[in-house]
Amino acid sequence: MKNQKVMMLMLATVIVSAAGGVTSVSAVQLKKLQNDGKELAILDPREEGTYGSGHLLHAVNIPLSKLELNVDSLVPRLSTRIVLADGGEGTAERAAVRLQELGYTNVAVLKGGYRAWKKAGYEIFSGMSVPGKAFGEWIAVHYNTPQITAEDLHRKIVNGENVLILDSRPANEYADMNIPGSINVPGSELVYRFPELGVKPETLVVVNCAGRTRSIIGAQSLINAGVKNKVVALNGGTMAWQTSGFELEHGSKRDAPKPSEQHFQQALEAAQKVADRYGVKTIDAQTLATFKADKDRTVYLIDLRTPEEYRAGHRPDSSYGWGVQLVQGMDKYAATRHARIVLVDNYLVRALMTASWLVQADWPETYVLADPFRGVELTSGDYKPVSLGLSKQTLPAIDAAKLREMLNTNSATVVDAADSSSYAKGHIPGAWFVIRARLGESINRMPLSENLVVTGNNATLAALTAQDLARLTGKSVSVLAGGNAAWQKAGLPMKSGMERPGTQVDDIFVQPFLWGQLDPASAEFRKAADDYLAWELQLPAQLERAKETDFKLVK
């Protein structure tokens, strides 16, 4: 018993790196680490497509190919306890070594990967952003969130009943496809903008997304905020609408206006009552400074306003995550469990409502920053995460005209490091698709010319790929200035399809419903949609078996 306590104490405080390598932890040990209440980041360094087919519940996907691009924003504290879990094929060990090179000091790997986890009797989850999706289903079950079927909603519309449909997705998703007549009000904006819509008391309010999660969270947000109307979530979202044989609109731009001062005060009072009910704390600048000065704790300062607001001016010390996506996809913005989350919103309404969900979704230390921009010199533009590990020695760059000349003389091999979806849509003719983490495999497949030219859609990833390629081949390697966009801008031809895959194409997890690739009227689409919805519906039962979350119900 004494030895067991000593072992648990050691695991709780530090994961010691073995000399000349990386230490490992067993599945049982990792389970204990998960349950000790201290900060822990479980990372899965496999490519997204492979990760999506099976992984640990709380494993955040940071592919080895893009590790330097994403790890600083997802795991900002270098002394964070990190455990890497893969399929047992060695990617975790490679990622661990690279993390240590980047300065991370407390890194281990899960011995045997997720297969060992499963062998120990623990649950393996498929899909993406599973904790958030599971939380949505948990909400539906424990709050008994009212829902309506696509058939019943369509019948009400045809019969001329008083119905308002609010699409809770981001504007780009809404513009891609939406239920006819719906208005776009992203989930984090619902309580903030609803009063301005002037909805009649007898109007049925329907909240939808593409599937279930954001429909449920959005509908329950309005209910929690005390909206007097009957509010329901559309069961199955636009997927169910399509499988029921109903048409969608495309290219719509209807949205809800910003609230007047009177309606803003109404929304703020409602949001504050919800926040108080769930114990959400609002902190000031001094408390934030204290948080940031604590070297033993991680703090994520996340601006959750609209993209337009963020670009116009934001705190330079904040990252960005639109509130509509946070609740269902915190794994895209924060990888360290039990860290402190501080939300930024100058109107507070959106932050208060989002925080009310996060404290229930196993992020108990979620705070709202009061008056977040006072005394702060704001910066403009998009969020640009810090990239690590780029060599100070810049590789030569060539322009599109020079590359075309080299290709005409067969003196260059073009290596495309863009994602496979972008490559398939359009790439430089003859270019080879590669995944950076598997360049060694691709080198054996590609006929290597005297010059290698790396291109893609992300300049940093292209530069990292070029660095690795030069080291592995010893050949002259350059990058295409401006990447594929520059080639297109020069009016040069592009080719579609997976023409020359240099490796297994598994960098993207293709959602089962395959938007844009299947005929919505086909039996194949119906089965894919039904399978996806069934997967969501079974998550609460799988969560119960796993016993790895601590969702909190407060009514």
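The values are calculated or read from the model by the stated rules, or taken from the named source; none is laboratory data. Since this is a predicted model, take the numbers as computed values, not measurements. We place every Cβ from the backbone using ideal geometry, glycine too, and count neighbours over all the protein chains shown.
The condition (being acidic (D, E), closer than 21 Å to T50 by Cα and either touching a Phe, Trp or Tyr at 6+ places or on another chain (Cβ under 9 Å) or surrounded by 16 or more Cβ atoms within 10 Å (Cβ to Cβ) (or both)) is satisfied by just one residue among E173, E123, E137: E123. Being under 30 Å from A312 (Cβ atoms), surrounded by fewer than 15 Cβ atoms within 10 Å (Cβ to Cβ) and among the charged types (D, E, K, R), is that true of even one residue in the stretch 384-396? Yes, the stretch 384-396 contains at least one residue that is under 30 Å from A312 (Cβ atoms), surrounded by fewer than 15 Cβ atoms within 10 Å (Cβ to Cβ) and among the charged types (D, E, K, R). Y192 satisfies every condition listed in (1) crowded, with 24+ Cβ neighbours inside 10 Å; (2) among the hydroxyl-bearing types (S, T, Y); (3) touching a Leu at 6+ places or on another chain (Cβ under 8 Å) except (3).
One line per residue, one yes/no per condition, for (1) assigned to a loop (DSSP other than H, G, I, E, B); (2) modelled with pLDDT under 95; (3) within 31 Å of the chain's Cα centre (by Cα):
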site: F373; (1), (2), (3): yes, no, yes
site: S387; (1), (2), (3): yes, yes, yes
site: S391; (1), (2), (3): yes, yes, yes
site: R404; (1), (2), (3): no, no, no
site: V414; (1), (2), (3): no, no, yes
site: S422; (1), (2), (3): no, no, yes
site: R438; (1), (2), (3): no, no, yes
site: S449; (1), (2), (3): yes, yes, no
site: N457; (1), (2), (3): yes, no, yes
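Mind checking which residues of the stretch 523-544 are of a type in the set (D, E) and either free of Cβ contacts under 8 Å to residues at least 12 places away in the same chain or surrounded by 17 or more Cβ atoms within 10 Å (Cβ to Cβ) (or both)? Within the stretch 523-544, E524, E536, E544 qualify. Does S478 satisfy being assigned to a strand (DSSP E or B) and either surrounded by 15 or more Cβ atoms within 10 Å (Cβ to Cβ) or touching a strand residue (DSSP E or B) at 6+ places or on another chain (Cβ under 6 Å) (or both)? Answer is yes for this residue.
The C-beta contact set for the stretch 179-199 (first residue outside the structural domain of R214 (by TED's automatic domain parsing) and closer than 19 Å to A275 by Cα, second residue buried (at least 24 other Cβ atoms within 10 Å of the Cβ) and charged (D, E, K, R), distance under 7 angstrom, 6+ apart or interchain) is empty. Within the stretch 46-73, the set of residues being within 18 Å of S319 (Cβ to Cβ), of a type in the set (A, V, I, L, M) and in a helix (DSSP H, G or I) comprises L67, L69, V71. Condition check: touching a Phe, Trp or Tyr at 6+ places or on another chain (Cβ under 9 Å), surrounded by fewer than 20 Cβ atoms within 10 Å (Cβ to Cβ), at pLDDT below 95 and not in a strand (DSSP E or B). Does G88 satisfy that? Here the answer is yes, as G88 does meet what is asked.
With respect to the conditions (1) among the polar types (S, T, N, Q); (2) closer than 27 Å to S168 by Cβ; (3) in contact with a Leu (Cβ under 8 Å, 6 or more places away or on another chain), T336 falls short on a single one, namely (2).
Report whether or not Y300 is under 28 Å from T213 (Cβ atoms) and surrounded by fewer than 19 Cβ atoms within 10 Å (Cβ to Cβ). No: the conditions fail for Y300.
Only residues that are β-branched (V, I, T) and part of a loop (DSSP other than H, G, I, E, B) were counted in the stretch 197-217, giving 2.
Take G121 and decide whether it is assigned by TED's automatic domain parsing to the domain that holds R46 and more than 20 Å from N224 (Cα to Cα). Spell out the reasoning first.
Numbers: assigned by TED's automatic domain parsing to the domain that holds R46: yes; more than 20 Å from N224 (Cα to Cα): yes.
It is true that G121 is assigned by TED's automatic domain parsing to the domain that holds R46 and more than 20 Å from N224 (Cα to Cα).
When the stretch 205-248 is examined, which residues are found to be among the charged types (D, E, K, R), modelled with pLDDT of 95 or more and surrounded by fewer than 20 Cβ atoms within 10 Å (Cβ to Cβ)? Within the stretch 205-248, K228, K230 qualify. G321 meets the conditions (1) crowded, with 19+ Cβ neighbours inside 10 Å; (2) touching a residue at least 24 places away in the same chain (Cβ under 8 Å) in every case but one. The failed one is (2).
Does T91 satisfy the criteria of being among the β-branched types (V, I, T), over 15 Å from the mean Cα position of the chain (by Cα) and within 28 Å of T213 (Cβ to Cβ)? Considered against the rule, which asks whether it is among the β-branched types (V, I, T), over 15 Å from the mean Cα position of the chain (by Cα) and within 28 Å of T213 (Cβ to Cβ), T91 comes out as no. Of the residues making up the stretch 332-345, those that are surrounded by fewer than 19 Cβ atoms within 10 Å (Cβ to Cβ) and either β-branched (V, I, T) or not in a loop (DSSP other than H, G, I, E, B) (or both) number 1.
Only residues that are modelled with pLDDT of 95 or more and part of a helix (DSSP H, G or I) were counted in the stretch 1-33, giving 7.
Of the residues in the stretch 277-286, how many are touching a Leu at 6+ places or on another chain (Cβ under 9 Å) and either polar (S, T, N, Q) or not in a loop (DSSP other than H, G, I, E, B) (or both)? So the count comes out to 3. For the stretch 294-331, the set of residues classified as in a strand (DSSP E or B) and farther than 19 Å from G187 by Cα consists of V299, Y300, L301, H314, S319, listed by residue number.
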